[in-house]
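Read through the structure below, which is laid out as C-alpha cells, and then see the notes.
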Amino acid sequence: MKIKISLSLALMAAFVVLLVFVAGCTSAYRQPAQPPPAATAPSTGDVKMVEIASTGFNPSSLTVNAGDTVVFVNRDAALHRPASAQHPTHLLYPGSGADKCGTAGAANGNFDSCKGLVEGESWSFIFNQKGEWKYHDHLNCCTNPAFFGTVVVN
Ligand SMILES: [Cu+2]
C-alpha cells in the first residue's frame with residue numbers, strides 16, 4: 001500500500017516536472033514578433049511637399065535629390081491628379097504611363113497618382129531618376145495653365 005502511494009506520488013511529480021519542462025521549452029523557442037512587411041519600399045531620402053490649390057501647384061518648381069519623396073497634397077475642393085508629362089500619355093518620367101494605372105501606381109515607379117485626389121488627400125512619389133521632370137494635373141491641366149509643374153532631381 002505504501003509503495004503504491006509513493007509510486008503514484010512519484011508519477012505525479014514526474015508529470016508536473018514534464019509539464020513545466022515542456023511549457024518552458026515552448027516559450028523559450030517562441031520567436032519575437034516581426035513587423036509586417038511594408039507595402040512599398042521606404043524612401044531613403046528627404047520628404048518634400050507640393051500643395052495643390054485652386055491656383056495650381058505650390059511650389060510649381062521643386063528641386064530634390066535622387067531618392068527623395070515628393071508628397072502631393074490636395075488643398076482644394078476640386079479633384080486633382082498629379083502625373084508626368086506629356087498629357088495624356090504621361091510617358092516622360094521613365095517607367096511612367098497613364099496606361100499603367102489601375103494595377104501599378106506609384107509602387108511600380110509610375111509618376112501618376114492614377115486617380116483624382118480629394119481635398120486633404122495626399123499621394124507620394126519617390127524620384128529615383130535624375131533629370132528635369134515636367135508634370136501636370138491630369139484633371140485640370142488643359143483648361144488652366146497653372147496646373148503644370150517641374151521636379152528637378154539632382
Ligand atoms: Cu494628363
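The values are calculated or read from the model by the stated rules, or taken from the named source; none is laboratory data. Here the structure is a predicted model, which is why all the values come from computation and not from measurement. Positions of Cβ are backbone-derived with ideal geometry, glycine not excepted, and every protein chain shown enters the neighbour counts.
Worth a mention:
- Close contacts from the stretch 128-150, counting a first residue that is closer than 14 Å to ASP76 by Cβ and a second that is in a loop (DSSP other than H, G, I, E, B) and hydroxyl-bearing (Ser, Thr, Tyr), with Cβ to Cβ under 7 Å and a gap of 6+ residues or different chains, come to ALA146/THR55.
- Any hit, the stretch 115-127, residues being within 13 Å of the ligand (Cβ to nearest atom) and either in contact (Cβ under 8 Å) with a residue 24 or more places away in the chain or over 23 Å from ASP46 (Cα atoms) (or both): yes
- The lone exception for ILE126 - which of (1) in a loop (DSSP other than H, G, I, E, B); (2) surrounded by 15 or more Cβ atoms within 10 Å (Cβ to Cβ); (3) in contact with a helix residue (DSSP H, G or I) (Cβ under 9 Å, 6 or more places away or on another chain) it fails: (1)
- Residue under evaluation PHE57, criteria (1) over 21 Å from the mean Cα position of the chain (by Cα); (2) closer than 16 Å to GLY131 by Cα; (3) within 16 Å of the ligand (Cβ to nearest atom); (4) not aliphatic (A, V, I, L, M), criterion not met: (2)
- Whichever residue in the stretch 60-76 is of a type in the set (S, T, N, Q) and within 13 Å of SER124 (Cβ to Cβ) and, among such residues, is farthest from the ligand (Cβ to nearest atom): THR69
- If you go through the stretch 105-114 and pick out every residue that is touching a Gly at 6+ places or on another chain (Cβ under 9 Å) and either part of a loop (DSSP other than H, G, I, E, B) or under 19 Å from PHE57 (Cβ atoms) (or both), you end up with 6.
- Test: residue in the stretch 18-34 that is modelled with pLDDT of 95 or more, loosely packed, with under 14 Cβ neighbours inside 10 Å and either assigned to a loop (DSSP other than H, G, I, E, B) or in contact with a Leu (Cβ under 6 Å, 6 or more places away or on another chain) (or both): no
A quick yes/no check of all residues on (1) assigned to a loop (DSSP other than H, G, I, E, B); (2) within 16 Å of the ligand (Cβ to nearest atom); (3) at pLDDT 95 or above:
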| site | (1), (2), (3) |
| --- | --- |
| ALA78 | yes, yes, yes |
| HIS87 | yes, yes, yes |
| HIS90 | yes, yes, yes |
| THR103 | yes, no, no |
| TRP133 | no, yes, yes |
| ASN140 | yes, yes, no |
| THR143 | yes, yes, no |
| ALA146 | yes, yes, no |
